[in-house]
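Below: the structure, in structure tokens.
The values are calculated or read from the model by the stated rules, or taken from the named source; none is laboratory data. Keep in mind the model is a prediction, meaning the values are calculated, not measured. Virtual Cβ from ideal backbone geometry, glycine too; neighbours counted across all protein chains shown.
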Amino acid sequence: MAKLAINGGTPLCGKGKKWAKWPISDEKDVQLISKVTRSNRWSYDGPVEWQFAEAFAKYQGAKFGLCCANGTVGIHMALESLGIGAYDEVLVPGMTWQATAAACVDVNAIPVLVDIEPDTWNIDVDAAEAAITKRTKAIIVVHLYGAMTDMDRLMKLCKKHNLYLIEDCAHQHGSFWKGRGVGSLGDVSSWSFQESKVLSSGEGGFNMCKTKEQFYKLYSLRNCGRPYEASPAVFGLKKKVGFETALQSGNYRLTEWQAAILLGGLGRLDQQVKLRDENAQYLNAQLAKIPGILPMRRRKEVTQQSYFNFTFRLDTKELKVINAQFSAALNAELSTPEAWEVPYDPLNGCGLYKPLTKSRHNLGKDYWKAINPARFKLPVCEDANQASGMAVHHVLLMNARKDIDVVAAAVKKLVDNIEEVRKLNIGPAKKYQALSR
Ligand SMILES: Cc1ncc(COP(=O)(O)O)c(C=O)c1O
């Protein structure tokens, strides 16, 4: 008789089970939003926006920071503010949301896709070093899901080769490396506040940087090329600077309502990150006891880990199953509102990363060839996506400890009945499906 819910057995959790939901708001958010609505400042460097910008930069330990429209233009502006443009090579991890690489092509740079570490899915520093050429100008580190690469080695590598370090922090608001906030480690960082993120305003983005010159450039880039001006002044700067600091650009601002909801969220962020981190460490300890289940590596330098997704790996040699089978069976057991998935499609085969579909990218034959993602080999990314990687949205980690126990029990149930999982007629995740956010 079938034991697993996917085959008609009794699930560990029925469909009626109440799981935590995301996003979260409270009465204070509603009051802040109403206050903005009743005011005559709805946009354009409003007081709530700067209040949030100063508070968020301070929380992450960055000198300067400012809001922008979303995390995609945040990366775009990070690159432009560093003067990165036509034919410059930028190293990008092969597993990330497509925007990290697409933003490079949008400034006419060449994204060079680099493989990831098998146990963190973050950029492999050795592979990055091997990919450096005379044309390399920058490395984008994506602090992916809920793990970090060796940031000390990466920062050293950038210094040695005179490269800019850009941090894509879209997944890790509230992560700290040796007590230093992510986003304050590199030259410029970019953040997303899209609905699924751990700090959210539905849509929205942010940049952080180390110098006032860089801040003026970012300001100008997000505000139609205007030079910085704020009243009252922010980050201890002058109230305004002259047109000589300005750069050609468009409008990438956000609204006071978004800033208000972000301010509310920021008040809850650290507590939520700590709850997720505690639950993740607990769940990892439970999973480590199950044969064939491999928790992700957490480096000792990580002093607080934020999770956009909770992830783990299957030892596919031992279990002889793949992630598409395992996640389908796990979803049937748990019925969580956010399903277990496979991690992002590698960017050399991702349905949403197609730089050769835009004629404006066709700067010439050599450039066209250089941006073709198919030229990169990414075996570790492929294995994570096609076979070993398991991922679920961070809201799972906001449940009570007894619910986290149920998650561990469900994984154990599948491993105890692995023959049934093995027989499921489910092939590897289709390439080019790009379902994950
Ligand atoms: C790693 C990463 N970078 C950049 C982005 C882009 O952010 P946005 O959706 O706000 O444009 C995302 C969004 O999911 C992301 O996950």
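Brief remarks on what is shown
Yes/no matrix, rows are residues, columns are (1) of a type in the set (S, T, N, Q); (2) assigned by TED's automatic domain parsing to the domain that holds Leu396; (3) closer than 21 Å to Thr255 by Cα:
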position	(1), (2), (3)
Pro11	no, yes, no
Lys15	no, yes, no
Lys35	no, no, yes
Arg38	no, no, yes
Arg41	no, no, yes
Gly46	no, no, yes
Phe56	no, no, yes
Gly61	no, no, no
Phe64	no, no, yes
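- Hey, Lys35 over 27 Å from the mean Cα position of the chain (by Cα), more than 26 Å from Asp403 (Cβ to Cβ) and of a type in the set (Lys, Arg) or not: yes
- Number of the exception - Glu256 against (1) surrounded by 22 or more Cβ atoms within 10 Å (Cβ to Cβ); (2) within 16 Å of the ligand (Cβ to nearest atom); (3) over 21 Å from the mean Cα position of the chain (by Cα): (2)
- Scanning segment 54-90 for residues that are within 14 Å of Ile371 (Cβ to Cβ), within 16 Å of the ligand (Cβ to nearest atom) and surrounded by fewer than 24 Cβ atoms within 10 Å (Cβ to Cβ) returns no hits.
- Output for segment 218-252, where each listed residue is within 21 Å of the chain's Cα centre (by Cα) and assigned to a loop (DSSP other than H, G, I, E, B): Tyr252
- Total residues in segment 106-124, condition within 14 Å of the ligand (Cβ to nearest atom), farther than 29 Å from Asp315 by Cβ and surrounded by 23 or more Cβ atoms within 10 Å (Cβ to Cβ): 1
- Single residue of segment 196-217 satisfying the filter (farther than 16 Å from Cys67 by Cβ, in a loop (DSSP other than H, G, I, E, B) and of a type outside the set (S, T, N, Q)) that is nearest to the ligand (Cβ to nearest atom): Val198
- Wholly enclosed helices (runs of 4 or more DSSP H) of segment 7-83 bearing at least 3 residues free of Cβ contacts under 8 Å to residues at least 24 places away in the same chain and not hydroxyl-bearing (Ser, Thr, Tyr): 27-38
- Only a single item in (1) buried (at least 22 other Cβ atoms within 10 Å of the Cβ); (2) in a helix (DSSP H, G or I) is not met by Pro343, and it is number (2).
- Residue within segment 353-366 that is outside the structural domain of Asn284 (by TED's automatic domain parsing) and touching a His at 6+ places or on another chain (Cβ under 9 Å) present: yes
- Segment 125-157: number of residues that are within 12 Å of the ligand (Cβ to nearest atom) and either of a type in the set (Val, Ile, Thr) or farther than 25 Å from Met296 by Cα (or both): 3
- Options Val321, Val302; residue that is modelled with pLDDT of 95 or more, farther than 20 Å from Arg422 by Cβ and not charged (D, E, K, R): Val302
- Within segment 168-176, one or more residues are in the same structural domain as Gly61 (by TED's automatic domain parsing), buried (at least 24 other Cβ atoms within 10 Å of the Cβ) and hydroxyl-bearing (Ser, Thr, Tyr).
- Criterion violated by His171 - all others in (1) more than 30 Å from Gly242 (Cβ to Cβ); (2) of a type outside the set (Val, Ile, Thr); (3) within 12 Å of the ligand (Cβ to nearest atom); (4) touching a helix residue (DSSP H, G or I) at 6+ places or on another chain (Cβ under 8 Å) satisfied: (4)
- You will find that of Ala409, Ala384, the residue that is touching a residue at least 12 places away in the same chain (Cβ under 8 Å), in the same structural domain as Leu283 (by TED's automatic domain parsing), surrounded by fewer than 19 Cβ atoms within 10 Å (Cβ to Cβ) and not in a loop (DSSP other than H, G, I, E, B) is Ala409 and no other.
- Residue satisfying condition, being crowded, with 24+ Cβ neighbours inside 10 Å and closer than 26 Å to Arg268 by Cα, within set Gly183, Gly94, Gly179: Gly183
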